[in-house]
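Since the structure comes first, as structure tokens, the remarks are kept for the end.
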Amino acid sequence: MPRAEPTPTPQDFERVLSSMCTEPHPAARDAAVAFLADNPGDPATYPAVAALETEAVDALGEVVGLDDPHGYVGSGGTEANIQAVRAARNLADSDVNVVAPESAHFSFQKAADVLDVELRLVPTDDDHRADVDSVVDLADDDTALVVGVAGTTEYGRVDPIPALADVAADVDARLHVDAAWGGFVLPFTDHEWSFADAPVDTMTIDPHKMGQAPIPAGGFLARDAETLDALAIDTPYLESDTQPTLGGTRSGAGVAGTHAALDALWPDGYRDQYERSQANADYLAAELDARGYDVVDPVLPLVAANLPDAEFEALRDEGWRISRTGTGELRVVCMPHVTREMLDDFLAALSGVGNV
């Protein structure tokens, strides 16, 4: 018989600084296991998890400033962004385009490819935010959707959402906000990003990121029921008649885990976590700056800094899970599992490879 390979073990988060995922809250983990086999894709057959999803969507609506939210808990930000593009296309009456900043998540490239929609990317300004004048230049009568990002994946920036809403209104387009990562920290800041700040039509917010729910758990939210109607298809052999989701069968783990995380942490736990994460980001940025590295000011808990290739690779060789922005900077995301002690260990390792 062939020799058995060692059983793989889950990722240890002690040196993970590049991920926008984190260890789930204990209550969320337990709830996920309990509802692992329930299928919210067939809510009439699985009413318990369907009820949890309704409550979870209502709670997400509270997070993002929407009193009567419509939506569901899907697989993540990619699905939610695709659904936003799909809804806008389905509600339009001609060939359409989508205007988004070049800082938008790569899932919009997938959406354009899958849905056969033209994607127009606009540059960002000196602060890595969507350049509104460029959005104005590219948006036209065929624009079905304008996209803004609330917490970009590379620099943690928040686009000028109210200004983008004005552009969308001028061309009779919908407005989508991708708050997949930022949605659980922005409620505790002064940024204007939510349904309460602008006439946002749809939003992505991922509980499995800063929300501390288990993977997969991504929120897709809409201001009105018509958006979900535009996504719905008939499901004749199920107990429920229609399905607006992109996936069919879904594990109840994401729904139940989201519900449990929100129940345990909203709002005070998330506020405390944001304050810790932001303090950690400010600390790391200051330490890197003091060591002579060029640092992008962290307006949310994400730090980007210029780091020589040799030092970057040496840190990777020591087991630090770090990544780069598209233009090559070191990128560190101060997720809930990232502690001050962990950052001190990272800085010590950086000092050790500084002369590589």
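Details
To keep it simple, each residue is scored yes or no on (1) within 27 Å of C334 (Cα to Cα); (2) touching a strand residue (DSSP E or B) at 6+ places or on another chain (Cβ under 9 Å); (3) buried (at least 22 other Cβ atoms within 10 Å of the Cβ).
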| residue | (1), (2), (3) |
| --- | --- |
| P24 | yes, no, yes |
| A27 | yes, no, no |
| A51 | no, no, no |
| E62 | yes, no, no |
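- The C-beta contact set for segment 323-339 (first residue touching a residue at least 40 places away in the same chain (Cβ under 8 Å), second residue open to solvent by 20 Å² or more (accessible area, probe 1.4 Å) and of a type in the set (V, I, T), distance under 6 angstrom, 6+ apart or interchain) is empty.
- If you filter segment 299-324 down to residues that are in a helix (DSSP H, G or I) and open to solvent by 50 Å² or more (accessible area, probe 1.4 Å), you find that the one that is nearest to Q278 (Cα to Cα) is R316.
- Of everything in segment 29-49 that is among the small types (G, A, S) and part of a loop (DSSP other than H, G, I, E, B), the residue that is least open to solvent (accessible area, probe 1.4 Å) is G41.
- Filtering segment 117-148 to residues that are touching a Phe, Trp or Tyr at 6+ places or on another chain (Cβ under 7 Å) and over 27 Å from G65 (Cα atoms) leaves only L119.
- Selection count, segment 50-77, where residues are in contact with a Gly (Cβ under 6 Å, 6 or more places away or on another chain), in a helix (DSSP H, G or I) and among the small types (G, A, S): 1
- Search result, residues across segment 325-356 that are assigned to a helix (DSSP H, G or I), under 13 Å from A285 (Cα atoms) and open to solvent by 10 Å² or more (accessible area, probe 1.4 Å): R340, D344
- The residues of segment 217-261 that are of a type in the set (S, T, Y), farther than 25 Å from F184 by Cα and assigned to a loop (DSSP other than H, G, I, E, B), listed by number, are T235, Y237, S240, T249.
- Screening segment 119-146 for residues that are out of contact with any Leu (no Cβ under 8 Å at 6 or more places or on another chain) and in a strand (DSSP E or B) and picking the one that is surrounded by the most Cβ atoms within 10 Å (Cβ to Cβ) gives T143.
- Within segment 205-230, the set of residues being farther than 17 Å from V85 by Cα and not charged (D, E, K, R) comprises P207, H208, M210, G211, Q212, A213, P214, I215, P216, A217.
- Candidates are the residues of segment 88-116 that are of a type in the set (G, A, S) and out of contact with any Phe, Trp or Tyr (no Cβ under 9 Å at 6 or more places or on another chain); the one that is surrounded by the fewest Cβ atoms within 10 Å (Cβ to Cβ) is S94.
Yes or no, residue by residue, for (1) over 17 Å from F346 (Cα atoms); (2) at pLDDT below 95; (3) not charged (D, E, K, R):
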site	(1), (2), (3)
G211	yes, no, yes
D224	yes, no, no
Q273	yes, no, yes
D282	no, no, no
L300	yes, no, yes
N306	no, no, yes
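- Long-range neighbours under 7 Å by Cβ, at least six apart or interchain, first residue at positive phi within segment 118-132, second β-branched (V, I, T) and surrounded by 21 or more Cβ atoms within 10 Å (Cβ to Cβ): H128/T152
- Residue in segment 149-168 that is buried (at least 21 other Cβ atoms within 10 Å of the Cβ), more than 24 Å from V64 (Cα to Cα) and touching a helix residue (DSSP H, G or I) at 6+ places or on another chain (Cβ under 7 Å) present: no
- Pairing residues of segment 46-69 that are under 18 Å from F188 (Cα atoms) with residues that are β-branched (V, I, T) and not in a loop (DSSP other than H, G, I, E, B), at Cβ distances under 9 Å and at least 6 apart in sequence or on separate chains, gives A59/T258; L60/V73; L60/I205; L60/T258; V63/I205; V64/V177; V64/I205.
The values are calculated or read from the model by the stated rules, or taken from the named source; none is laboratory data. Keep in mind the model is a prediction, meaning the values are calculated, not measured. Ideal geometry is used to build each Cβ from the backbone, glycine not excepted, and the neighbour counts take in all protein chains shown. For the accessible areas, the whole protein counts, side chains as well, though only heavy atoms, and no ligand, DNA or RNA atoms are used. Shrake-Rupley method; radii C 1.70, N 1.55, O 1.52, S 1.80 Å.
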